[in-house]
1. Report, please, the projected area of the chain averaged over directions, based on the convex hull of its C-alpha atoms, in nm².
2. Order these by the 10 Å Cβ neighbour count, fewest first: Phe145, Phe88.
3. What list do you get for Ser74, Ser81 if you sort them by fewest beta carbons within 10 Å?
4. Rounded if a/c is under 1.5, else prolate if a/b is larger than b/c, else oblate: which is the stretch 1-100, with a ≥ b ≥ c the root eigenvalues of its Cα gyration tensor?
5. Strictly over 27 Å apart at the Cα level, which of Lys51/Lys159; Lys53/Lys136; Lys53/Lys159; Lys53/Lys92; Lys25/Lys51 would you flag in this model?
6. Out of the stretch 21-100, which trypsin sites (Lys or Arg not before Pro) are coil in DSSP terms and have no more than 16 other C-beta atoms within 10 Å?
7. What is the ratio of the Cα radius of gyration of the stretch 1-50 to 2.2 N^0.38 Å, with N the residue count, to two decimals?
8. How would you rank His139, His94, going from fewest to most other Cβ atoms within 10 Å of each one's own Cβ?
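Readers should treat all values here as calculations from the given coordinates under stated rules, not as data from a laboratory. The model shown is predicted, which means the values in this text are computed figures rather than measured ones. Cβ sites come from the backbone with ideal geometry, for glycine too, and all protein chains shown count toward neighbours.
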Amino acid sequence: MHTNKLAAQSRSWLLDSFYNILREKAFQNITISEISECADLDRRTFYRHFKSKEAILQEYCQSIISEFASLILSQDNISKSNVTVAYFTFWKNHLDFLKLLERDNLLFYLLNEFELLLSIVRNTVKPEIDEGSITKIEHYHLSFFIGGFFNLLVKWLSKGALESPSEMAAIMEKVYPQ
């Protein structure tokens, strides 16, 4: 048990170090040695937890998406409007991270994790629905919806993230009224 606690702590230090360095340097210029040194760990420890710096970025994105899923699932009323307001409120609070991903053309890492978000929400809200029972049309509809939300986020970010979460919910209602 003690080893698991140390491993979790090392992993956390590596993730924190990675993010701190990302705030100062472009992703492509970050080295694994740099991340390890910043965390006061050696490279072997890094490689025990991650295969590459892309893997640490992926895990960082997964942790952000999991945090958002928890936020959504804690809401009493999961309506499209409430989810949209929560979505843009959440990302407004993580705007620094979004801007770093945008700066380094890495926003696609978040998109890759949106499927995780969908899975977490679906399994919690409707655990009785088996993945195999979802129709082909429902799969395509969900993919369309995820892509739409993601691209709305990217557009909002590229325009300076000036609109409030409520304004974005109103825009979403006009764009996707169903």
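1. On the way: hull surface 49.1 nm².
Mean projected area for the chain: 12.3 nm², to one decimal.
2. Details: Phe145 15, Phe88 24.
Final ranking by Cβ density, sparse to dense: Phe145, Phe88.
3. On the way: Ser74 9, Ser81 13.
Placing the least packed residue first, the sequence is Ser74, Ser81.
4. Numbers: a/c = 3.26, a/b = 1.72, b/c = 1.89.
It comes out oblate by the Cα gyration axes.
5. On the way: Lys51/Lys159 35 Å; Lys53/Lys136 35 Å; Lys53/Lys159 29 Å; Lys53/Lys92 25 Å; Lys25/Lys51 20 Å.
Going by Cα-Cα distance, Lys51/Lys159; Lys53/Lys136; Lys53/Lys159 fall outside the 27 Å limit.
6. Sparse-neighbourhood loop trypsin sites (Lys or Arg not before Pro): Lys25, Lys51.
7. Numbers: Rg = 11.0 Å, N = 50, 2.2 N^0.38 = 9.7 Å.
Here the answer is 1.13, to two decimals.
8. Numbers: His139 11, His94 14.
So the ranking, lowest neighbour count to highest, is His139, His94.
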